[in-house]
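One structure is given here, and the rest of the page talks about it.
The values are calculated or read from the model by the stated rules, or taken from the named source; none is laboratory data. Being a predicted model, the structure only gives us computed values, none of them experimental. Reconstructed Cβ throughout: ideal geometry from the backbone, glycine too, with neighbour counts over all protein chains shown. Heavy atoms of the whole protein, side chains included, go into the accessibility calculation; ligands, DNA and RNA do not. Shrake-Rupley method; radii C 1.70, N 1.55, O 1.52, S 1.80 Å.
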Amino acid sequence: MAKLSLSPKIFDVLDFGTPSAERDISRGLEKYFVESAAYQRVRSGAKTILMGNRGAGKSAIFQVLAKRERTAGSHVIELSPEDYSYELLSSTMAAEHAGAWAKTGAYAAAWKYLIYILVMKALARKGMRLTKGGGREIHNYIRDNHGARQLGPLSLLVSYLKRLEAVKIGPIEAGVRTRELDRLYKLEEIHNLLPALRKVLDDQRVVVLVDELDRGWDSSEDAKAFVSGLFQACVSINGLHRNLRVYVSLRQELYDDIPALYEDAQKHRDLLERIYWSEESLLELIAKRIRYSAHEKGFDTEALERAADHECWSAVFAAPPGMARDASFGYMVDRTLYRPRELIQFCSEALEQARGRASKLPVPYSAIERSEYGYSAERTKDIAAEYRSQYPGLLSVFEVFRNHPPTFSREELELLCLELAFGDIPTHGTGSWLPLCDPDDLIEILWRAGLLTARPTEGGRFLGSHQVQHLNLAAVQRFRVHDMFHASLGILPKDA
Ligand SMILES: Nc1ncnc2c1ncn2[C@@H]1O[C@H](COP(=O)(O)OP(=O)(O)OP(=O)(O)O)[C@@H](O)[C@H]1O
Ligand SMILES: [Mg+2]
């Protein structure tokens, strides 16, 4: 097939979109959205808990879902970062040890209360349509109880928690306490409205999306109870009616940081959808963006539309000298942890680099090389920052690999891990976790975080945690620092 060549004018205006779905959605994300099987399962309601790493596409799925649900006439409630503040929760709520006050259960009740109120408010807004089939009851309740007082979502949640807290640890006679608590846990205030709500939901649909729970995450007792309580509430509310769906997204590290969640894993395993990408689906994602961008800028994109994904790629990015036409894709994707945001950023930076020097497409391979250091340095910092509450100071552990050859035998790596744990190699801010790590733990942490890849069989490929879910790391004899970190850590190109 003839090589696809693009007008030099496209070079000046091409873009790959923004790195976050919240900004992408107003620029046409829906049109260049990659619709995975994961999306389908979420959309159908089969899966309601969405799990994925930073930049993997949790918000993208929620944004597109919200847009399509709205178009179909559903009410959509989006709870956004400003709506939760872990610091505020910790400073407002009494500590667990201040009383027998099982926080997760309390947070679950408060979440249920909040979500039901928000759902009823959304439905009551269209009060006129509510007059039949139970609508009036809901309308009246909202008018009488939540009409004048316009509390924000977090205040509503906290107000309910405060009611529970007062009964749990306040000076109340034991018998009364049990009765009061029972009332609050059963959401007595709104319980009798649920049959009416069910009826209303027969012909109206409400979707609640809770995203970005990790903003401001501080790993505190309240933060953990907040999220595990939300999981419980989500499971319970989703049982009310097929037309009421609560979706929650969560980052993998946060999930791992909340014992109440993974101990309870079997309760929500069947609701959990993990986001995975492959090289093919990432190529599809970039190709879609190339076609869309050219089309938006008014170019004739017939040839692009007909071209295969890899042809779109090689029309925009040149190959390394002497290599296959689309080899630069392999080079770039090998420097990611298979997250769309990484590839979008790397591609955008390479394009920027080329703009200063070249005048037409494809972007020369040298521009990719020139953009690599900045990209790699940023990724190294960001990955360490993702783990700041679980493994503070992780960046200084990454730094230990600076100027080393890329691969390690198990013995070499174990020795390095021991030296790190004993403090023979100094690191910063790692006192809370590193001294407790034996070499196997630390290897697992570095593999999960993406710094290390592991070769399960002699002569086979090195694999990262973004490529395989499980690997028997204990049996692995050879490890390698992932290519994404090489430029920033000055990893020597070849083993010495
Ligand atoms: N299925 C998809 N199709 C097209 N683009 C996608 C898809 N998934 C993600 N993206 C793009 O990848 C980038 C990162 O995605 P997104 O913002 O959804 O990540 P996230 O998982 O919400 O990250 P964070 O944890 O930082 O909130 C965005 O530019 C988004 O538009
Ligand atoms: Mg997001």
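Per residue, segment 246-301 exposes an accessible area of 45 Å² to a 1.4 Å probe, with every protein chain left in place. Listed peptides 467-476, 387-396 appear in the order 387-396, 467-476 once ranked by packing, highest mean of other Cβ atoms within 10 Å at the front.
Here the chain carries DSSP beta bridges of which approximately 30% are antiparallel, counting only pairs with both residues inside. Classification of the chain by its C-alpha gyration tensor yields an oblate form. The axis ratio a/c (a ≥ b ≥ c) is 1.5 or more, and b/c is at least a/b.
In plain terms, the C-alpha convex hull of segment 37-274 casts an average shadow of 13.1 nm² when viewed from every direction. Volume of the convex hull of segment 136-279 (Cα atoms only), normalised per residue: 173 Å³. Considering only the Cα atoms of segment 420-459, their convex hull presents on average a projected area of 3.6 nm². Sorting the segments 258-270, 374-386 by their mean number of nearby beta carbons within 10 angstrom, highest to lowest, gives 374-386, 258-270. Helix 103-125 axis versus longest C-alpha principal axis of the chain: approximately 80°, rounded to the nearest ten. Straight-distance candidates among the aspartates and glutamates for linking to Lys199, with alpha-carbon spacing under 15 Å and chain neighbours fewer than 8 residues away dropped: Glu137. For segment 394-489, the Cβ-based charge dipole about the Cα centre amounts to some 400 debye (Lys, Arg positive; Asp, Glu negative; other atoms uncharged).
In this entry, segment 166-221 is assigned a mean projected area of 6.6 nm², taken as a quarter of its C-alpha convex hull surface. Only one residue of Pro493, Ala124, Cys417 has its Cα farthest out toward the positive end of the dipole of the chain, where Lys and Arg carry +1 and Asp and Glu -1 on Cβ, and that residue is Ala124.
For segment 15-89, just say rounded, prolate or oblate: build the C-alpha gyration tensor, square-root its eigenvalues into a ≥ b ≥ c, call rounded for a/c under 1.5, and beyond that prolate if a/b exceeds b/c, oblate if not. Rounded. Here's how it looks for Glu78: its modeled amide H is under 5 Å from those of Leu209, which are all 5 or more places away or on a different chain. Tyr292 contributes an accessible area of around 40 Å² to the protein surface, as traced by a 1.4 Å probe with all chains present. Pick out, from Gly45, Tyr365, Leu442, the residue whose Cα sits farthest towards the positive end of the charge dipole of the chain, with +1 on the Cβ of Lys and Arg and -1 on the Cβ of Asp and Glu. Of Gly45, Tyr365, Leu442, it is Gly45. Taking the Cα centre of the chain as reference, the dipole from Cβ charges on Lys and Arg (+1) and Asp and Glu (-1) amounts to some 2260 debye.
In terms of accessible area, using a 1.4 Å probe and ignoring ligands and nucleic acids, Phe401, Phe422 rank largest first as Phe422, Phe401.
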